[in-house]
Amino acid sequence: MPAWLIALNRHVPIRYLALLACALMLLLGGFAWVGFGQWKAVALIGGLGVVIGLRDLRQTPRAVLRNYPVIGHLRYLLEFVRPEIRQYFIESDNEAAPFSRQQRSLVYQRAKGDPDKRPFGTQLDVHKEGYEWINHSLQPTTLAGHDFRVTIGEGCAQPYSASVFNISAMSFGALSANAIMSLNAGARKGGFMHDTGEGSISRYHREHGGDLVWEIGSGYFGCRNDDGSFSEERFAANAVSPQVKLIELKLSQGAKPGHGGVLPGPKVTAEIAAARGVPEGVDCISPSAHSAFSTPVGMLQFIDKLRTLSGGKPTGFKLCIGHPWEWFALAKAMVETGITPDFIVVDGAEGGTGAAPLEFTDHVGAPMQEGLLLVHNTLVGLNLRDKVKIGAAGRIVSAFDIARAMALGADWCNSARGFMFALGCIQAQNCHTGECPTGVTTQDPIRQRALVVRDKTERVWRFHQNTMHALQELVQAAGLTHPRDISANHIVRRIAGDQVRLLAHHLSFLKPGELLAAERGEAPWPHAVFGIYWPMATPDAFAPTPP
């Protein structure tokens, strides 16, 4: 900085120049306006700037504005538009935050029915550590269609044939009415299932008749007594609906495992209150733990009760893996009681439609790969895998994402943000503010009018159809007949430099009955996680036993 400017700054701080310029505009503009009837706008703008500047100098919460009156507001403006500037002009096509431009574009193109092909080769660095690919066959298969199905609850009175790609849990209240209707109508047209989220079944879920997974959280919304406890009568009244295909007990979710929630009273509208069975205008609380059970055995007995009350519909639970001994306690309870859930949905910590404190978003819960592997291996090691189907969720938007999850043990996959993109979400990350620019995550009737149900229904359906078609092409290229045939022997991962390894050799996979044999002392523990935490688990409590 020149010496003269430094000297000037000592006597008249440059940071006040914006305020002084406004004062000068006011004086000159006011003189011209009074004397000659001109420059009225200049005087008004200058006067407004002076008022703002004096207010900035007097206010106390923001130090930046006290030191930089008027011009300091530019800092807050740039901070406000920073995410959009970064998303549209700075980040690369493959920089995920949390979804890359390439991932979002893929969903948009498939949802619109536009060409999704890429010219000139991959943009990924195929020599980078972590790069993965699926091995192809010299004898590809030819399949008649892409409607891949998995039967859930084969031993139930009402088993369900599900698509291998479905809509993950998102509640009415978190999503707008138009978003819920679009998702459900798309699910009906495409023959796949739509998870209600813990906000229960609203009238918007029912309007188009798409298959529903009714998720029941710790607030027991839609099946609660006035005191918040579980109501068998209200549960049965909803569960017997032909539209409800699965019952899912939510233990935790990837976005904020171990964290409850409160929907403030002013946001509890008449429609939300009706869906959840709570008073309108009163704080709606989701406790961090369930009150209907307190032990692993009690939880399985509760699941068995839900299955009976629903008329024999497949019933299971969803969780994000936390303490290994708690999951092992559930597994031991399955062995001891003979009660098994029909399915388990493993939610990865990378999930994120639910707004959460940053510490929970970044540092709580196991990612999908680790959680899915632990659940799959435990069930295999206990000879229970054929009785329990596994769903997986956690940043899944493409056919390769589905194939990789199934290679790790999933029977089907769920996607939340993928279907939000299909609705038109632009990843503005304003979901929790009620100011969603595309009408997906808002209850503002004006904003959600932008989301036209008839148009978005088609986009939801097309995204599912085109993703399943891409999955069909991957399965054919690998020489297989169904995604369930994809195993860890088909996926290759670059470890470092010129070292590559099949996932089957890179990750640990148990053999049937291996955990039972280790427990009897007939074989070593198959992995340190079992050797350390399995002895700590008991079916009678979630808390660990002393070593």
Filter result for the condition that a residue is within 30 Å of S163 (Cα to Cα) and of a type outside the set (S, T, Y), over F542, F509: F509
Please enumerate the residues belonging to the range 134-153 that are charged (D, E, K, R) and either at positive phi or without any contact (Cβ under 8 Å) to a residue 24 or more places away in the chain (or both). R149
Return yes when Q139 is of a type outside the set (F, W, Y), surrounded by 11 or more Cβ atoms within 10 Å (Cβ to Cβ) and either more than 25 Å from the chain's Cα centre (by Cα) or under 29 Å from R494 (Cβ atoms) (or both) and no when it is not. no
Leading residue by the ranking (nearest to the chain's Cα centre (by Cα)) among those in the range 85-128 that are in contact (Cβ under 8 Å) with a residue 60 or more places away in the chain and open to solvent by 70 Å² or more (accessible area, probe 1.4 Å): K112
Selection within the range 227-236 - at pLDDT below 95 and open to solvent by 50 Å² or more (accessible area, probe 1.4 Å): D227
Of the conditions (1) of a type in the set (G, A, S); (2) surrounded by 14 or more Cβ atoms within 10 Å (Cβ to Cβ); (3) at pLDDT below 85, G260 clears all except one; give me its number. (2)
Can you tell me which residue within the range 22-59, out of those that are over 47 Å from the mean Cα position of the chain (by Cα) and closer than 19 Å to G72 by Cα, is surrounded by the most Cβ atoms within 10 Å (Cβ to Cβ)? C22
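Filter the range 501-524 for residues that are aliphatic (A, V, I, L, M), in contact with a helix residue (DSSP H, G or I) (Cβ under 9 Å, 6 or more places away or on another chain) and under 14 Å from N489 (Cβ atoms) and give the result.
Within the range 501-524, L503, A504, L507 meet the criteria.
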Yes or no: the range 488-497 includes at least one residue that is under 30 Å from F165 (Cβ atoms), in a loop (DSSP other than H, G, I, E, B) and open to solvent by 60 Å² or more (accessible area, probe 1.4 Å). yes
Within the range 472-508, track down each residue that is of a type in the set (A, V, I, L, M) and closer than 12 Å to N135 by Cβ. L474, A477, A478, L480, I486, A488, I491, V492, V500, L502, L503, A504
List the number of the failed condition for G497; all other conditions in (1) at pLDDT below 95; (2) of a type outside the set (S, T, N, Q); (3) under 30 Å from E198 (Cβ atoms) hold. (3)
State yes or no: is P512 assigned to a loop (DSSP other than H, G, I, E, B), modelled with pLDDT under 95 and not polar (S, T, N, Q)? no
Y76: passes all of (1) exposed (fewer than 15 other Cβ atoms within 10 Å of the Cβ); (2) hydroxyl-bearing (S, T, Y); (3) closer than 21 Å to N9 by Cα but (3)
Test of understanding: among G371, G381, G348, which residue is modelled with pLDDT under 95, among the small types (G, A, S) and buried (at least 22 other Cβ atoms within 10 Å of the Cβ)? G348
Condition (residue is of a type outside the set (A, V, I, L, M) and modelled with pLDDT under 95) applied to the range 448-470: is it met by at least one residue? yes
Of the candidates V150, V164, the one satisfying the condition of being touching a Cys at 6+ places or on another chain (Cβ under 7 Å) and either surrounded by 15 or more Cβ atoms within 10 Å (Cβ to Cβ) or not hydrophobic (A, V, I, L, M, F, W, C) (or both) is V164
Select from the range 442-454 the residues that are assigned to a loop (DSSP other than H, G, I, E, B) and surrounded by fewer than 18 Cβ atoms within 10 Å (Cβ to Cβ) and list them in ascending order. D444, R449, A450, V452
If you check S288 against the conditions, is it among the polar types (S, T, N, Q), on the phi < 0 side of the Ramachandran plot, touching a residue at least 12 places away in the same chain (Cβ under 8 Å) and in contact with a His (Cβ under 8 Å, 6 or more places away or on another chain)? yes
Quick check on the range 303-319: of everything there that is touching a residue at least 60 places away in the same chain (Cβ under 8 Å) and out of contact with any Lys or Arg (no Cβ under 9 Å at 6 or more places or on another chain), which residue is nearest to P159 (Cα to Cα)? G312
Does the range 527-547 hold any residues that are open to solvent by 70 Å² or more (accessible area, probe 1.4 Å), in a loop (DSSP other than H, G, I, E, B) and in contact (Cβ under 8 Å) with a residue 12 or more places away in the chain, and which are they? H527, D540, P547
Which residues, counting only those in the range 420-441, are farther than 24 Å from Q102 by Cβ, open to solvent by 20 Å² or more (accessible area, probe 1.4 Å) and over 16 Å from the mean Cα position of the chain (by Cα)? T433, G434, E435
Take C425 and tell me if it is hydrophobic (A, V, I, L, M, F, W, C) and over 30 Å from L510 (Cα atoms). yes
Among (1) in contact with a helix residue (DSSP H, G or I) (Cβ under 7 Å, 6 or more places away or on another chain); (2) within 23 Å of V364 (Cα to Cα); (3) of a type in the set (G, A, S); (4) in a loop (DSSP other than H, G, I, E, B), there is one condition G322 misses while meeting the rest; what is its number? (1)
Give E248, E271 a once-over and let me know the one that is open to solvent by 20 Å² or more (accessible area, probe 1.4 Å) and not polar (S, T, N, Q). E271
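Give, as residue ranges, the strands (runs of 3 or more DSSP E) completely inside the range 341-441 that count at least 2 residues that are touching a helix residue (DSSP H, G or I) at 6+ places or on another chain (Cβ under 7 Å).
In the range 341-441, the matching strands (runs of 3 or more DSSP E) lie at 343-347, 389-393.
The values are calculated or read from the model by the stated rules, or taken from the named source; none is laboratory data. In this text the structure is predicted, and so the values were computed from the model without any measurement. Glycine also receives a Cβ, built like all others from the backbone with ideal geometry; neighbour counts cover every protein chain displayed. Remember, those area values only see protein heavy atoms, side chains included, never the ligands or the DNA or RNA. Shrake-Rupley method; radii C 1.70, N 1.55, O 1.52, S 1.80 Å.
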